[in-house]
Amino acid sequence: MSTNFSQRSPLPKIKDLILGDTVGQGSFAFVKAACLESNPEKVVAVKFVHLPTCVKHGLSEKEAIQEVVIQSKCSDHLNILKVIDCNVTKNFLWIAMEMAGGGDLFDKIEPDVGVDTEVAQFYFKQLINALTYLHEKCGIAHRDIKPENILLDSDGNLKLADFGLASQFMRKDGTKRLSSDTRGSLPYMAPEILHARNYHADCTDIWSCGVLVFVLLTGETPWELPSNDDVQFREFSENSGNIVGGPWSKISLAQLNLVRKILQPDPKKRVTLGELRNHVWYTSLAPFSDKNGRCNNPQLLSQKLLSKLHVSLSDDEYTRCIKDDHWLRKPTHTSTQPIQSEIADLRRDSFGTSSRLATQYELLEQSNLGQASNSDYEWTQQVHVDMATQQFQVNSTPEGAFISTSILTKFYSLQDMSSILPMLEHTLRALGIPVKIGLYESFLELKDAHKLEDVFPVTIQVKTMDRKGWFLSGNVSLSKAYEGPVVISFNRRSGDPLEWRRLFKKVSLLCRDLIYVP
């Protein structure tokens, strides 16, 4: 399915806003960075939902609009992404929201490792604050809590986003409405959603919070679905949560006690929000947190996050990588969405899915550095403080605090496209990803048809299966950054974000000769 909605339907003009590049894209919608005409320093995000595509896939216009209605009701909280304005046109629902300057949380979780314990505790507390506000003040259940739906502001504070599955569970008289539909993402979904005819939606949010804590502490989900058909979940249930092997062994006893209280398959035995607010993991403060739970030291938080994020480019790791056949192993599950058979080619991306870093820096440069000439602008300084670059360094300490507003699944290269594209092509094909032969030749054809400065960004579509047999898709975007290097960004569209980062790390290692490391 083509997601280039702007070619099929002209984008509506939004008063007082200047639209920038696309910073995110999905099946029904995309997000563009924008700035105010009156104040270019004020950067916001605008989500465009393509209504004809929604209807085509069984989602009515009313259901699409319901998301912004609910999020608008409950966006008056530090830890919930704020809706600024919205409107409906012939083909689009657009929603102007605050820009999450710290990027995505899922992008900062190291597979099989997780995040620093103090970071996990910090985000646990902020998530509990967000849920307390949602449940007790607004009567709304989010119903899709997972790392992909958690963003970070420029100081690193949590911002709960994407209310597409949210619902009002509290009636005006204070009584609770029971739910019966199946909503959420399987690894994070409470078991009663699959097995009970009626359940309390707010209680399922607490369960999802427990799975999220597990992922933060271990870098993997405890199971693939909360059913006895899943070996890991069945073992968990049969042992009443008393598991100490596998990823559970990475969790300390104090944290394990918390996770077990949350992950109670019987919702009547599950811990409540009130009880969680009395737990030591909520009442204690992280060293980079003020008394209200907000980040008061973004640089320390950045250091803690980067302490677990690392992509080794060593010879030993390279040797292990080329011997590792996990991408070829037989899947344990069959994907619900089969891989399409088309072979990916190099395409000029008129849709503008360049990296978030380049996009937001361009906007900020227009306001803060607009008078500076290229000779005054040292791209090396900006690349050096980017956390995406620092993750390739050994024992790196961030010089900036959340300076990287982009995804971390990217690297910079000073090589020419004649070196970059053949190596990328060879690596992707070696990993079983169907890519057309001759990407560099395709680039030369694009360069002949357009001015060189107008060719970028170009993209390569990626469609594959992860180790568990689930569908994984996205694109590799190549664009020029800061009038200097080429930035190669791996932008996930669907699938497990931890598996996407695993894929990125493997490609990076196999393409290590391309990577610029200061």
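Rule-based calculations on the coordinates, nothing more; no lab input. Note that the structure is predicted; figures quoted are calculated from it, not measured. Cβ: placed from backbone, ideal geometry, glycine included. Neighbour counts: every protein chain shown.
Summary table below
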| read-out | value |
| --- | --- |
| Partner lysines for Lys480 [C-alpha distance under 25 Å; skip if fewer than 8 residues away on the same chain] | Lys32, Lys42, Lys47, Lys108, Lys410, Lys436, Lys447, Lys451, Lys463, Lys505, Lys506 |
| Part-to-part distance (alpha-carbon centres) for the stretch 204-254 and the stretch 452-498, which is given in Å | 31 Å |
| Charge dipole magnitude, Cβ of K and R +1, D and E -1 - the chain, Cα centre, debye nearest 20 | 1560 debye |
| Histogram of C-alpha separations across the chain, 20 Å bin width, % | 21, 58, 20, 0 |
| Burial ordering of Trp500, Trp379, Trp223, fewest other beta-carbon atoms within 10 Å first | Trp379, Trp223, Trp500 |
| Helical contribution to [θ] at 222 nm, DSSP H n ≥ 4, -39,500 (n - 2.57), averaged over the chain, rounded to 500 | -9500 deg cm²/dmol |
| Cα centre as origin, Lys/Arg/Asp/Glu Cβ charges: the stretch 118-235 dipole, Debye | 580 debye |
| Burial ordering of Lys463, Lys269, fewest other beta-carbon atoms within 10 Å first | Lys269, Lys463 |
| For the stretch 160-209: rounded, prolate or oblate by the Cα gyration tensor [a/c cutoff 1.5] | oblate |
| Whether the stretch 69-126 is rounded, prolate or oblate, judged on the alpha carbon gyration tensor where a/c under 1.5 counts as rounded | prolate |
| Whether the stretch 103-299 is rounded, prolate or oblate, judged on the alpha carbon gyration tensor where a/c under 1.5 counts as rounded | oblate |
| Selection from Phe124, Gln168, Ser208 lying farthest towards where the dipole of the stretch 103-299 points positive, charges on Cβ | Gln168 |
| Anchor Lys176: lysines whose Cα lies under 19 Å away (excluding residues fewer than 8 positions away in-chain) | Lys73, Lys137, Lys268, Lys269 |
| Signed unit charges on C-beta, dipole axis of the chain, positive-most listed residue Ser72, Phe456, Gly438 | Ser72 |
| Disulfide-incompatible cysteines by the Cβ rule (no partner under 4.7 Å) in the chain | Cys35, Cys54, Cys86, Cys203, Cys209, Cys295, Cys321, Cys511 |
| Rounded to 10°, Cα long-axis angle of helix 417-430 versus longest principal axis of the chain | 40 degrees |
| Approximate spin-label separation Lys62-Ile343, in nm, with each point projected 7 Å along Cα-to-Cβ | 4.8 nm |
| Size of charge dipole - the stretch 5-98 - debye, nearest 20, with Cβ of Lys, Arg +1 and Asp, Glu -1, no other charges | 320 debye |
| Cross-link pairs beyond the 32 Å C-alpha cut-off, checked among Lys56/Lys82; Lys62/Lys291; Lys90/Lys125 | Lys62/Lys291; Lys90/Lys125 |
| Calculated FRET efficiency for the pair Cys321/Gln393, C-beta based, R₀ 22 Å, to 0.05 | 0.75 |
| Förster radius 45 Å - calculated FRET efficiency between Asp266 and Asp112 (Cβ-Cβ, nearest 0.05) | 0.90 |
| Net charge of neighbours whose Cβ lies under 10 Å from the Cβ of Cys321, counting Lys and Arg as +1 and Asp and Glu as -1 | +2 |
| With Cα atoms, 0 to 90° folded angle of helix 497-510 axis to the chain main axis | 30 degrees |
| Under 16 Å from the Leu444 label point (7 Å along Cα→beta-carbon), backbone N, the stretch 474-513 | none |
